[in-house]
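The values are calculated or read from the model by the stated rules, or taken from the named source; none is laboratory data. Here the structure is a predicted model, which means the values were calculated and not measured. Every residue, glycine among them, receives a Cβ derived from its backbone with ideal geometry; neighbour counts consider all protein chains shown. With ligands, DNA and RNA removed, areas are computed over all heavy atoms of the protein, side chains included. Shrake-Rupley method; radii C 1.70, N 1.55, O 1.52, S 1.80 Å.
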Amino acid sequence: MSATESIPTRELAERAKSITQRELRTYIERTKGSQKATDRARKVMPLGVPSSFQAYDPHPIVVRRAQAGWMEDVDGNRYVDYDMGYGALFTGHCHPAVRAAVELQMDYGTLFVTPCEMNAEVAELLAARYNLPMWRFTNSGTEATMDAIRVARGITGRNKIVKVEGGYHGHHDEVMISMKPSLDVAGPADNPTPIPATAGITPGVLAETKVIPYNDAAALERALATGDVAAFIVEPVMENIGICLPQPGYLQQVREITRKYGTMLIFDEVKTGITAGWSGGTGAVGVQPDLVCLAKSIGGGLPLGAFGGTQECMDQITSGRVLHLGTYNGNPLCMAAARAVLTEVCTPEAHQKVNELNARLVSSCQDTIDRAGLPAHTVQFGAKGCVTWAPEHIRNYRDYKATDFDLAFAQWIHGINRGILLPPGLDEQWLISMMHTEAEAFQYAHVFQDFVDELMH
Ligand SMILES: Cc1ncc(COP(=O)(O)O)c(C=O)c1O
């Protein structure tokens with residue numbers, strides 16, 4: 001008899017809740033400095049944080065320093081960082097090569113607001129990885145998706161866009177729809193109702209965004225058949241609901257359907273990016289989009305985004321039909337960092353090494369799950385991995401909503417008190433960076449084993 005047969009799901013959830021209660025008390029005890037810093041910050045910043053993603057109860061960890069694969073909070077607690085800025089620190093915190101490049105650039109100037117030679121150099125490096133000829137730089141993933149959508153509207157002369165339910169593409173209006181809608185209002189699974197994620201979205205914007213389930217080619221075809229859709233924006237592998245892989249053939253069908261209806265296919269690779277491998281998620285899934293959006297991992301910890309596209313798409317900017325602007329675009333500091341990331345740090349060999357290390361970590365966690373017979377599974381995509389608290393692989397947002405959040409939260413808070421820093425959202429994944437040591441990577445597996453042992457006994 002497997003362990004889950006002896007422990008019913010309801011009993012597991014009860015055990016998870018009692019672990020959570022105890023761990024929350026410990027958390028409060030060991031993070032008094034973070035509490036104090038947050039109390040101060042709440043007086044001058046909503047929720048006491050610079051981005052609402054960073055807020056959680058009772059208060060977030062407030063960090064004083066980070067290097068390589070670790071962070072230290074203001075109470076002196078040290079964590080192995082598996083969040084790595086949602087993947088922005090794929091190189092590791094302050095990688096020596098990135099640091100040297102940025103330090104050297106300081107001698108030559110940080111901002112020109114006129115081109116530098118590195119602009120073309122970095123664009124060439126991205127063109128080689130993504131097999132798309134033309135690139136522009138931005139300062140964030142939000143700007144990259146916003147600009148790519150504008151290019152798609154320019155080339156098609158159409159207004160509407162399609163996104164998947166549960167997908168996050170940054171914080172501009174037209175994609176802040178059905179990010180994580182409550183199922184009470186989300187409508188039927190195969191034809192979700194577009195739900196604004198925030199106040200401030202106008203009815204006009206809401207009316208331009210159609211929402212479909214991920215992994216459902218028929219729903220995409222229905223949405224595009226009206227002939228008025230400029231773009232389908234999608235992560236090739238969804239990384240804002242754990243890691244949700246495309247089912248075999250799905251993305252190939254997406255490519256065929258978008259072509260059939262003259263809709264631009266935008267891959268949002270802000271998260272997958274080069275954490276997925278040398279040629280990104282695009283290379284890993286083997287489907288060529290019309291436009292790709294990047295940020296996070298390409299900047300080595302500096303604020304850099306980019307979007308690339310086919311010649312025809314990017315000619316919209318060349319011709320002046322679509323305007324793409326920005327004071328800090330392609331600034332030499334971020335360019336120096338990106339050049340170091342793309343040439344010195346994230347070499348094909350380094351990508352392979354980090355993916356192999358991650359595969360061993362994923363398989364160790366899966367062994368723990370199998371031995372205990374838990375209703376959970378692991379997923380890997382490149383240097384990222386996750387434990388999803390559901391017996392079967394999830395296909396879309398509705399499956400994700402059916403996962404066990406009590407167990408996920410208990411694992412998260414149990415981990416943080418033992419030096420395992422994961423993003424707070426329960427919808428994220430770990431990242432093994434270029435600087436995590438083998439011991440640091442496997443720290444996750446050891447603490448996960450402790451958590452499972454406690455859950456089962
Ligand atoms: C898939 C995806 N797209 C876009 C963004 C927005 O990027 P940024 O936070 O740099 O604006 C994010 C941020 O997490 C993301 O996960």
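Please list, ordered by chain and number, the residues whose modelled amide H lies under 5 Å from the amide H of ILE212; skip anything fewer than 5 residues away on the same chain.
LYS163, VAL164, GLU165
If you wrap a convex hull around the Cα atoms of the chain, how much volume per residue is inside, in Å³?
Taking the convex hull of the Cα positions in the chain, it is 147 Å³ per residue.
Rounded to the nearest 500, what is the chain's calculated 222 nm mean residue ellipticity when only DSSP H runs of at least 4 contribute -39500 (n - 2.57) each, over all residues?
About -13000 deg cm²/dmol.
Which peptide among 74-80, 297-303 comes first, and what is the full order, when sorted by highest mean count of other Cβ atoms within 10 Å?
Highest-to-lowest ranking by the protection proxy: 297-303, 74-80.
Please report how far the C-alpha centroid of segment 23-91 lies from that of segment 295-311, rounded to the nearest whole angstrom.
First find each Cα centre; the distance between them is then 26 Å.
Mind ordering 282-289, 427-434 by average Cβ neighbours within 10 Å, highest first?
Order by mean packing, descending: 427-434, 282-289.
Going by Cα centres, segment 182-203 and segment 129-145 are how many Å apart?
28 Å
For segment 282-327, treating each Cα as an identical point scatterer without solvent, what Debye log10 I(q)/I(0) comes out at q = 0.15, 0.21, 0.32 1/Å?
Each listed q maps to, in turn, -0.52, -0.87, -1.10.
Just the number please: accessible area per residue for segment 65-142, 1.4 Å probe, all protein chains included, in Å².
About 46 Å² of surface per residue is accessible.
Going by average Cβ density within 10 Å per residue, which order do the peptides 81-93, 29-41 take, highest to lowest?
The densest-packed peptide leads the list: 81-93, 29-41.
Lysines near LYS32 by alpha-carbon distance under 29 Å, same-chain residues fewer than 8 away left out - which ones?
Filter leaves LYS17, LYS43.
Which translational diffusion coefficient, to the nearest whole µm²/s, is obtained for segment 96-345 from the Stokes-Einstein equation, given a Kirkwood hydrodynamic radius over C-alpha pairs, 25 °C and 0.890 mPa s?
For the chosen part, D equals 133 µm²/s.
Give the whole-number value, in cubic angstrom per residue, of the convex hull volume spanned by the C-alpha atoms of segment 216-295.
Measuring per residue, one finds 87 Å³ for the Cα hull of segment 216-295.
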